[in-house]
1. With respect to the numbered conditions (1) open to solvent by 10 Å² or more (accessible area, probe 1.4 Å); (2) touching a Ser or Thr at 6+ places or on another chain (Cβ under 9 Å); (3) not in a helix (DSSP H, G or I), which one is the sole condition not fulfilled by P85?
2. Could you tell me which numbered condition G198 fails, if it satisfies all but one of (1) out of contact with any strand residue (DSSP E or B) (no Cβ under 6 Å at 6 or more places or on another chain); (2) outside any helix (DSSP H, G or I); (3) open to solvent by less than 10 Å² (accessible area, probe 1.4 Å)?
3. Within 21 Å of S63 (Cα to Cα) and not hydrophobic (A, V, I, L, M, F, W, C) - does that describe any residue in segment 160-172?
4. Just checking, how many residues over segment 67-85 are more than 14 Å from F137 (Cβ to Cβ) and touching a strand residue (DSSP E or B) at 6+ places or on another chain (Cβ under 6 Å)?
5. Consider only pairs whose beta carbons are under 7 Å apart and that are at least six residues apart or on different chains; among these, list those whose first residue lies in segment 196-215 and is within 13 Å of T2 (Cα to Cα) and of a type in the set (G, A, S) and whose second residue is at pLDDT 80 or above and open to solvent by 50 Å² or more (accessible area, probe 1.4 Å).
6. Quick test of your reading of the structure: C71 fulfils all but one of (1) without any contact (Cβ under 8 Å) to a residue 60 or more places away in the chain; (2) touching a Cys at 6+ places or on another chain (Cβ under 8 Å). Name the failing condition by number.
7. Among the residues of segment 22-42, write down those that are among the aliphatic types (A, V, I, L, M) and surrounded by fewer than 24 Cβ atoms within 10 Å (Cβ to Cβ).
Amino acid sequence: MTTAARTQELFRRADAVCLDVDSTVIREEGIDELAKFCGVGDAVTEMTRNAMGGSVSFQKALSDRLSIIRCSREQVNKLITDHPPQLTPGVKELVEKLHQRSVKVFLVSGGFRCIVEHVASQLNIPLHHVYANRLKFFFNGEYAGFDESQPTAQSGGKGRVISMLKEEYGFGNIVMIGDGATDLEACPPASAFIGFGGNVVRQQVKEKSSWYVTSFGELLKELEKI
């Protein structure tokens, strides 16, 4: 079992940091907000809880929820305009500090690219550092499914993204930070995993994390030790 001290050391020396987005970088679950906006919030929230707990395969949970929501392109755009994602306090400062130290930062999300790109622009993270799911729409803007070929659409997908990043950039030490089961699963191939409970505490993740934090301030404080 990796100790908290070892995880902290790996974080301080990271070549790259991968951040989950929903309930980590932002305060809400994007798919739940979209469901609420489309009038099917209650049906989808319970399914999200099951997906994050790891009790159903991620791809099935995503497909089932989207088949209930069936959002149009116009609804997605209006959601981002009317209810933009709320950044978790401290995340902007953390990303700035990592960038100052020449640490590459990636957003790796089971959420939707159209929302995650909006978050990335707020954090000055380049869009080619975003890995997320793509919604598909017919020419008239109606929902047409999602791109099932994206690694983030499948269980274990975040680990696959990290393996790809290691291969592409030659990173030796990648740290994954997130609140859910899909984030925990990404280590290995991530060198270390930090559980994040600043927005929601998932008991399974808390118990299995060698280092569990409830604010980005704790991570900033760790970086200041160098």
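1. (2)
2. (3)
3. The initial filter retains those residues of segment 160-172 that are within 21 Å of S63 (Cα to Cα), namely 160-161.
Right, trim to not hydrophobic (A, V, I, L, M, F, W, C) and you get 160.
So far as segment 160-172 goes, yes, one or more of its residues are within 21 Å of S63 (Cα to Cα) and not hydrophobic (A, V, I, L, M, F, W, C).
4. Of the residues in that region, 1 qualify.
5. Partner pairs satisfying both residue conditions: S210/T3.
6. (1)
7. Selection gives A35, V40.
Here's the yes/no breakdown for (1) assigned to a loop (DSSP other than H, G, I, E, B); (2) of a type in the set (D, E); (3) in contact (Cβ under 8 Å) with a residue 12 or more places away in the chain:
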residue: L94; (1), (2), (3): no, no, yes
residue: I115; (1), (2), (3): no, no, yes
residue: H118; (1), (2), (3): no, no, yes
residue: N140; (1), (2), (3): yes, no, no
residue: S163; (1), (2), (3): no, no, yes
residue: V175; (1), (2), (3): no, no, yes
residue: P188; (1), (2), (3): yes, no, yes
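The values are calculated or read from the model by the stated rules, or taken from the named source; none is laboratory data. Keep in mind the model is a prediction, meaning the values are calculated, not measured. Methodologically, a virtual Cβ is constructed for each residue, glycine included, from the backbone with ideal geometry; neighbour enumeration extends over all protein chains shown. Heavy atoms of the whole protein, side chains included, go into the accessibility calculation; ligands, DNA and RNA do not. Shrake-Rupley method; radii C 1.70, N 1.55, O 1.52, S 1.80 Å.
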